[in-house]
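First the structure, in the form of C-alpha cells, and then the observations on it.
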C-alpha cells in the first residue's frame, strides 16, 4: 500500500517538472522576450537546454546601447520565452550546466 502512494506522488512530480511544449530555440524566439520596453538591437549569442536559455544581446541605441546577459525560461502555457530572475534561478541545482555557466556570470 505504501509503495502505491509513493509511485503516484513521484509520477505527479515528474509530470509537473517536464516541459509541456517544445521550445523553439532561435534568435527570433528568444529575442521576442525583449519586447517589453527594451529595444533589442541584436542577439550576439544564445543557447537552450530543457526549457532554459541564456541570451547575450545588445539593447538600446546610440550612446545608451549596452550588452546584457539574460536567463530565460520557456513558458509552455503562452508558448513564449520569458525572463527569469537570475537572483532566483542562477543555481547549479536549477539550471542546466551550460545555461548556468554562460548566463549567470556576467552583467
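The values are calculated or read from the model by the stated rules, or taken from the named source; none is laboratory data. What you are looking at is a predicted structure, and each value in this text was computed from that prediction instead of being measured. All Cβ positions, glycine included, derive from the backbone under ideal geometry; neighbour counts span all protein chains shown.
Matching residues to (1) part of a strand (DSSP E or B); (2) under 13 Å from the mean Cα position of the chain (by Cα):
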| site | (1), (2) |
| --- | --- |
| 68 | yes, no |
| 73 | yes, yes |
| 78 | no, no |
| 82 | yes, yes |
| 88 | no, yes |
| 92 | no, no |
| 100 | no, yes |
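Annotation note: of 8, 17, 57, 22, the sole residue that is at pLDDT below 95, at negative phi and either surrounded by 14 or more Cβ atoms within 10 Å (Cβ to Cβ) or over 17 Å from the mean Cα position of the chain (by Cα) (or both) is 8. Residue 35 meets the conditions (1) surrounded by 10 or more Cβ atoms within 10 Å (Cβ to Cβ); (2) at pLDDT 75 or above; (3) in contact with a strand residue (DSSP E or B) (Cβ under 8 Å, 6 or more places away or on another chain) in every case but one. The failed one is (3).
Note on segment 67-107: residues that are within 17 Å of residue 37 (Cβ to Cβ) and in contact (Cβ under 8 Å) with a residue 40 or more places away in the chain amount to 5.
When 72, 40 are checked against the criterion of being in contact with a helix residue (DSSP H, G or I) (Cβ under 7 Å, 6 or more places away or on another chain), modelled with pLDDT under 95 and surrounded by 15 or more Cβ atoms within 10 Å (Cβ to Cβ), a single residue qualifies: 40. Here residue 98 qualifies as surrounded by fewer than 17 Cβ atoms within 10 Å (Cβ to Cβ), in contact with a strand residue (DSSP E or B) (Cβ under 8 Å, 6 or more places away or on another chain) and modelled with pLDDT of 95 or more.
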